[in-house]
Amino acid sequence: MAEPQPYQLVIRGPPGLHGPGGATWRPERKTLALLTYLALEGEATRLALVRLLWPDTPEGAARNNLVHLLRRLHRLTGAALVDGQETLALSAQIDVDTRVPEGPGQLPPGPLLQGVEFDELPDFAEWLLAWQERLEARELRALAQQAAAAEQRGDWPAALSAAALLLERDPLSEEHWRRAIRLHYLAGDRPAALSTYHRCRDLLRRELGCDPEPETVALARRIDQGERLPGPPPRGPRELPLSMLRPPVLIGREAAWAQLEAAWAAGQTVYITGAPGVGKTRLAQDFVASKGRALYLPGHPGAEQVPYAAAAHNARARLAAAPDVTLPEWVRREISRVLPELRAGEAAQPIHSEADRLNYFLAHLEVVRLTGQGVAAVISDDVQHYDPATVELGAFFLTQSLPLGQRGDVPRHIILYRQGALPPLTQQRIDALVQAGAAVRIDLDGLDGHSVSALLDELKVTGPSPALARDLHEWTGGNPQHLLEAVRHMHQSGEYSVDAALRERARTVTPLVAERLARLSPRALQGARGAAVLGDAFTLERLSDVLRLGLLDLTAAWEELEAAQVVTGERFSHDTVREAVLASLPAPVRSLLHRASARVLSGAPVHPARVARHWAEAGEAAQAAPWFMRAAEDALQTLRPEEAGAYCDEAAAAYRASGDAEGERRALEARAGLGTPPR
């Protein structure tokens with residue numbers, strides 16, 4: 001005879017009782033108290049239970065209450081879940097969730113009997129609090145052991161995950177902060193280590209009114225100076241060490257660092273430009289980490305053709321980084337034009353006049369000020385992906401907030417872009433700011449031969465030939481991203497030399513990344529392709545819908561992409577990696593992914609132009625045309641007639657391609673009514 005299916009008693013977090021066949025019950029408070037007491041203590045006499053649960057009731061009446069409580073529980077569940085006569089214990093049918101998390105990725109499920117109050121049972125409430133503290137201490141010990149074991153074997157991701165949970169549970173423990181700082185550095189992420197120190201210092205000052213302990217300060221100073229810390233070497237089956245994604249120490253940028261220091265002292269806006277992969281982001285992040293907390297605002301490919309798309313990304317990121325900020329009502333109303341989640345059910349009002357637009361710009365500036373407290377600098381990366389409307393907004397910011405970083409309201413700005421990739425008008429604005437002395441531009445080139453050799457030493461790369469550094473410098477031009485891709489390729493192939501096969505490849509990272517992609521599982525490759533096609537509209541939830549893949553399955557594929565250093569978090573590890581993914585897409589697969597993306601985004605709160613472009617890329621002109629017309633209407637709502645005209649032109653072309661003469665006529669009439677010249 002099969003044994004009965006166990007019942008599950010949930011006492012961590014919101015409590016409940018689950019039975020066979022999916023049945024779920026929420027027992028009354030004293031029943032929960034009884035079951036929890038027996039679950040944690042193992043057994044108890046009836047006398048002890050009635051004194052605990054009915055402290056002000058005569059013993060005879062209290063015992064009668066206990067009998068009735070047990071009967072109600074039996075009627076509710078249809079099973080005898082409490083055994084015994086005078087001494088009671090839980091039935092063997094019940095499984096209780098009091099286990100310590102088995103791995104660093106498992107969050108504890110919450111406090112005991114969360115949301116249930118026992119004010120009239122002071123002895124039980126005191127007992128419950130004592131057990132809560134006991135469980136928390138046990139979990140902290142387990143997490144600390146997991147972090148130490150992962151660090152000992154050189155498994156930095158697992159160690160960092162456990163360290164993050166320790167900080168979440170005990171955020172004022174400097175021991176936990178030092179562990180996290182050290183692990184970030186040992187894992188090859190010096191900016192993250194310094195940023196973690198600054199967060200620790202800010203928290204202690206805010207909550208306790210004190211600075212970190214000397215031991216914590218000394219650790220941060222050693223990391224800031226690039227010293228090596230004692231720690232076990234990475235071991236295990238990992239194919240690509242984290243240091244090959246981000247070497248622990250910035251190398252070969254002393255001159256650029258000096259330019260940054262001078263601009264910082266002068267309160268100037270900084271522009272950093274260079275070829276893809278030359279190290280603009282790394283330089284900016286390391287520099288700002290030496291000054292304090294950074295707010296990193298990455299550009300998003302695909303945003304350049306949607307009015308205020310980059311402004312929306314940035315506003316959303318600023319608010320996420322400052323969750324305690326409450327927006328004034330007028331600011332919330334203005335910003336809701338591009339952030340639908342702030343509309344509170346109301347329709348977005350159009351921008352009818354220059355006065356309306358000024359108010360809209362001032363609202364964005366107020367968001368910058370409100371969310372900039374405690375931020376040393378804002379890093380705006382890949383601004384070549386910014387749309388013209390956002391570029392105008394950024395120019396307005398700069399005219400309103402010079403000198404930067406000196407009034408305590410608007411942080412300093414470091415702005416990064418690809419060399420030669422900006423629209424002419426944007427480049428002219430930057431040139432004018434530089435000539436006026438309000439900004440400085442730093443042009444990054446590849447590393448010199450000495451720096452390439454130093455980088456290989458930092459990566460602990462030892463090849464069969466002492467000429468390896470020279471050969472790599474000659475082949476890559478000292479481009480750090482290209483160089484790191486070459487080293488990754490060597491690491492995976494086991495051949496540390498620039499051989500004939502490697503020399504035959506083009507002088508870009510694309511072929512090397514393509515080989516790394518070829519080693520992915522089909523599901524992980526599918527995830528990378530879908531994310532690349534979604535572009536700036538990408539989220540894991542949308543990608544799940546595009547691929548028709550469950551989130552759990554997608555998460556496993558995403559972990560594989562992170563291990564292969566194709567992605568980091570919810571972004572590609574570098575723009576060049578995304579470009580390599582797109583370049584490897586077969587045309588039929590590309591069309592299918594664009595079609596699926598269009599269908600998913602058509603029901604999402606995104607700009608109509610994004611949906612239109614996916615339909616157009618899928619070859620579905622008839623579907624794209626009405627979305628381009630909606631995009632034109634949206635552009636007019638934000639006083640952007642030039643973009644509206646361009647959308648009308650694209651709508652007319654799409655109607656023409658689909659043989660819809662009437663639709664083409666309507667689009668051209670709408671275009672003519674705008675009074676702006678065709679692009």
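Taking amide H as placed 1.01 Å from N in the peptide plane, the amide H of residue 479 sits under 5 Å from that of 447, each at least 5 places away or on another chain.
Cβ crowding within 10 Å ranks 671, 519 as 519, 671, fewest other Cβ atoms first. I'd like the orientation of helix 59-77 relative to the chain: the angle between its Cα long axis and the longest Cα principal axis, in ° from 0 to 90, rounded to 10. Compared with the principal axis, the helix lies near 50 degrees.
In this structure the amide hydrogen of residue 442, modeled in the peptide plane, comes within under 5 Å of the amide hydrogens of 271, 272, 273, none closer than 5 places in sequence on its chain. Radius of gyration over Kirkwood radius for the chain, both on Cα atoms: the Rg/Rh ratio is 1.03.
Remark: the chain carries a charge dipole of roughly 480 debye about the Cα centre, counting +1 on each Lys and Arg Cβ and -1 on each Asp and Glu Cβ. Using θ = phi - 60° in the Karplus curve 6.51 cos²θ - 1.76 cosθ + 1.60, the 3J(HN,Hα) couplings for the stretch 567-578 round to 10, 9, x, 10, 9, 5, 5, 7, 4, 5, 5, 4 Hz; x is entered for Gly and Pro.
I'd like to know which of 112, 42, 533 lies farthest towards the positive end of the charge dipole of the chain, counting +1 on Cβ of Lys and Arg and -1 on Cβ of Asp and Glu. Checking the options against the dipole of the chain, the answer is 533.
Residue-wise HN-Hα couplings along the stretch 296-312, as the Karplus relation 6.51 cos²θ - 1.76 cosθ + 1.60 with θ = phi - 60° gives them from phi, are 9, 10, x, x, 10, x, x, 7, 5, 10, 10, x, 6, 5, 5, 4, 5 Hz; Gly and Pro carry x. For the stretch 7-98, the Cα-based Rg and Dmax, in that order, read 12.7, 40 Å. Calculated mean residue ellipticity at 222 nm for the chain: -17500 deg cm²/dmol, from DSSP H runs with n ≥ 4 weighted as -39500 (n - 2.57), summed, divided by the residue count and rounded to 500.
Between 0 and 90 degrees, the angle of helix 254-266 with respect to the longest Cα principal axis of the chain falls at about 80 degrees. Annotation: amide H of residue 413 within the under-5 Å range of 270, 378, sequence separation 5 or more or interchain, hydrogens built in the peptide plane. Extension gain for residue 211-residue 132 works out to 25.4 nm (0.36 nm per residue, less the C-alpha to C-alpha distance). Simple rule: put +1 on each Lys or Arg Cβ and -1 on each Asp or Glu Cβ in the stretch 287-443, find the dipole, and look at 425, 374, 330; the Cα lying farthest toward the positive end is 374. Placing unit charges on each Cβ (+1 for Lys and Arg, -1 for Asp and Glu) gives the chain a dipole about its Cα centre, and among 591, 11, 263 the Cα reaching farthest toward its positive end belongs to 591. Between residue 523 and residue 325, the modelled labels are 3.9 nm apart [label points 7 Å from Cα along Cα→Cβ]. Across the stretch 167-183, computed HN-Hα scalar couplings (Karplus, 6.51 cos²θ - 1.76 cosθ + 1.60, θ = phi - 60°) run 5, 5, 7, 9, x, 9, 7, 5, 4, 5, 4, 4, 4, 5, 4, 5, 5 Hz from first to last residue, x flagging Gly and Pro. Inverting the pair-averaged 1/r between distinct Cα atoms of the stretch 263-444 gives 16.8 Å as its Kirkwood hydrodynamic radius.
The value of relative contact order for the chain, using C-alpha pairs under 8 Å at least six residues apart, is 10 percent.
Rule-based calculations on the coordinates, nothing more; no lab input. Computed from a predicted model, the values in this text were never measured in an experiment. Backbone-built Cβ (ideal geometry, glycine too); neighbour counts: all protein chains shown.
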